[in-house]
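Engineer: Once you've had a glance at the structure underneath, I'll fire off some questions.
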Amino acid sequence: MPPFLYTAKTETNEEKTGSLEAGSASEVARLLREQKLTPISIKELHLKPKKKSRLNLDNLLAGFFGVPLEEKMMFARHLGVMIGAGLSLNRALDALSQQIANKKFAKIISRLNENIKKGGALADSLSLFPNVFNELFVNMAKVGETSGNLEEVLRVLAEQMKKDFELRSKIKSAMIYPSVIIAAMLGIGAVMMITVVPKLSEIFKDLHTELPLSTQFLIFISNFLNQAWPALIIAFFLLAILARYLWRVKTFKNYFDFAILRLPVFGEISKKINSARLARTLGVLIKSGVPIVQGLNIVAGTLTNLKFRQSLENAAKEMQKGQSLSLSLKKYPSLYPAMVNQMTEVGEETGTLDEILLKMAEFYEEEVANITKGLAAIIEPILMVIIGAAVGFFAISMLTPMYSIMQSM
């Protein structure tokens, strides 16, 4: 008989989750009523053998870009629910490997399951896939296994990943509009240069008219694009490969992250995003029982900005020597707002650092949300000015010689 996951209410109106094996969902409902429980939801866990699936876009993208954060978040949440419902770790992983649409991720979960069946711990098995499960994920799993509270730890981890996902989504949403406008502007400009300008250039050439510098500049760009477009495409791909390589070079990444922090608006956003991620991740780790020094090193591994990462690694070393976290962070006024130091100090003095950090994370996440909402309003008029200037420059450059020709006739 297949297993069913259920959610039901007790006579005191409390929610209860669990699993039952039965022939059908109606039989599960009957069994629950016999236990004086009111069914809310009943879901069958399909443990059928996987069928060979056709190649689709999601799987193709997964092969190139790895496993999306959203899918890892759902994995942590569902695994916690299944373990809490009474399923063994092996059976829960087996079910998840067959339900996940991303075939690359499903294969990884199957390999996790195989390793655990051989006697490996969940955290150790997760650490075999560092490109999928980061240090935070692995250490949280280790905390759950050690404390015997894996269900709760996975729930907390899923919530942390959800907040991280929402934060990233807000930034991406704010950048979609300007990105589309810039891409459209460049595309239309390239089409004009390749198709329209050469025809006008031939007319000017036949009439032997003197051209302004702006018109000569546009004709030069047009000729260059028409003659060198294959080389430009190759150069674009080479630059993309070079940029990806440089991104992994520590020195280049250090200069880039430093430049980002110095940019108006974007620098403030970067500081608040990193402060929010530091506060939430460290708060979750401390609340789960991870020592603060180890927690700082874990958080450092999750931050993308190298300057913030180095500051936390240094703070961890200083805390090992007996210095407080607030004093360590005060040495980096260009990275952390004053509120981070003040709230951290209060948390250390009152012994509620985890609660203070989580509240601070909520504050900065809301700050980022408000900034990103206003970002589109700031960028839109700037883009309109740039587009207007580009269109005006093109129109004047092309119309001025025509006007001169008409006057000379």
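Engineer: Got a number for residues in region 374-389 being surrounded by 14 or more Cβ atoms within 10 Å (Cβ to Cβ) and modelled with pLDDT of 80 or more?
Structural biologist: If we filter region 374-389 for residues that are surrounded by 14 or more Cβ atoms within 10 Å (Cβ to Cβ), which is where we start, we get 375-376, 379, 383, 387.
Keeping just the survivors that are modelled with pLDDT of 80 or more gives 383, 387.
Summing the residues that are surrounded by 14 or more Cβ atoms within 10 Å (Cβ to Cβ) and modelled with pLDDT of 80 or more in region 374-389 gives 2.
Engineer: Quick one: count up the residues across region 261-272 that are under 21 Å from GLU313 (Cα atoms) and either open to solvent by less than 20 Å² (accessible area, probe 1.4 Å) or at pLDDT below 85 (or both). Give the steps one after another, and end with the answer.
Structural biologist: First, the residues of region 261-272 that are under 21 Å from GLU313 (Cα atoms): 261, 270-272.
With either open to solvent by less than 20 Å² (accessible area, probe 1.4 Å) or at pLDDT below 85 (or both) added as a condition, the list becomes 261, 270.
Number satisfying all stated conditions: 2.
Engineer: Sticking with this structure for a sec: If you take the residues in region 236-260 that are surrounded by 12 or more Cβ atoms within 10 Å (Cβ to Cβ) and of a type in the set (A, V, I, L, M), which one is farthest from LYS199 (Cα to Cα)?
Structural biologist: Among those that are surrounded by 12 or more Cβ atoms within 10 Å (Cβ to Cβ) and of a type in the set (A, V, I, L, M), it is ILE260.
For (1) at pLDDT 80 or above; (2) in contact with a helix residue (DSSP H, G or I) (Cβ under 7 Å, 6 or more places away or on another chain); (3) open to solvent by less than 80 Å² (accessible area, probe 1.4 Å), each residue gets a yes or a no:
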| residue | (1), (2), (3) |
| --- | --- |
| GLU14 | no, no, no |
| LYS43 | no, no, no |
| LYS52 | no, no, no |
| ASP58 | no, no, no |
| GLY66 | no, no, yes |
| ALA92 | yes, yes, yes |
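Engineer: Out of the residues in region 28-41 meeting the condition of being part of a helix (DSSP H, G or I) and open to solvent by less than 60 Å² (accessible area, probe 1.4 Å), tell me which one is modelled with the highest pLDDT. I'd like the intermediate steps shown before the answer.
Structural biologist: To start, the set of residues in region 28-41 that are part of a helix (DSSP H, G or I) comprises 28-34.
Add one more test, that the residue is open to solvent by less than 60 Å² (accessible area, probe 1.4 Å), and what stays is 28-29, 31-32.
Working: VAL28: 75, ALA29: 76, LEU31: 81, LEU32: 78.
The extreme case among them is LEU31.
Engineer: Quick one: which helices (runs of 4 or more DSSP H) lie wholly within region 287-366 and hold at least 2 residues that are open to solvent by 20 Å² or more (accessible area, probe 1.4 Å)? Full working, then the answer.
Structural biologist: Working: elements: 292-302, 306-320, 325-329, 338-350.
Those helices (runs of 4 or more DSSP H) span 292-302, 306-320, 338-350.
Engineer: Can you spot a residue in region 198-212 that is over 15 Å from PHE75 (Cβ atoms), of a type in the set (Val, Ile, Thr), open to solvent by 30 Å² or more (accessible area, probe 1.4 Å) and in a loop (DSSP other than H, G, I, E, B)? Even if it seems obvious, please write down each step before you answer.
Structural biologist: Step one: filter region 198-212 for residues over 15 Å from PHE75 (Cβ atoms), giving 198-212.
Next cut, of a type in the set (Val, Ile, Thr) only: 203, 209.
Now drop any that are not open to solvent by 30 Å² or more (accessible area, probe 1.4 Å), which leaves 203, 209.
Filter once more, keeping what is in a loop (DSSP other than H, G, I, E, B): 209.
Scanning region 198-212 turns up at least one residue that is over 15 Å from PHE75 (Cβ atoms), of a type in the set (Val, Ile, Thr), open to solvent by 30 Å² or more (accessible area, probe 1.4 Å) and in a loop (DSSP other than H, G, I, E, B).
Engineer: Report yes if ILE181 is of a type in the set (A, V, I, L, M), touching a Pro at 6+ places or on another chain (Cβ under 9 Å), at pLDDT 80 or above and part of a helix (DSSP H, G or I), otherwise no. Don't jump to the end; show me each part of the working.
Structural biologist: Working: of a type in the set (A, V, I, L, M): yes; touching a Pro at 6+ places or on another chain (Cβ under 9 Å): no; at pLDDT 80 or above: yes; part of a helix (DSSP H, G or I): yes.
In short, no.
Engineer: Please go through region 213-233 and give me each residue that is open to solvent by less than 40 Å² (accessible area, probe 1.4 Å) and not aliphatic (A, V, I, L, M), ordered by number.
Structural biologist: SER214, THR215, SER222
The values are calculated or read from the model by the stated rules, or taken from the named source; none is laboratory data. What you are looking at is a predicted structure, and each value in this text was computed from that prediction instead of being measured. Counting neighbours? That spans all protein chains shown, and the Cβs are built from the backbone with ideal geometry, glycine included. For accessibility, only protein heavy atoms count, side chains too; no ligands or nucleic acids. Shrake-Rupley method; radii C 1.70, N 1.55, O 1.52, S 1.80 Å.
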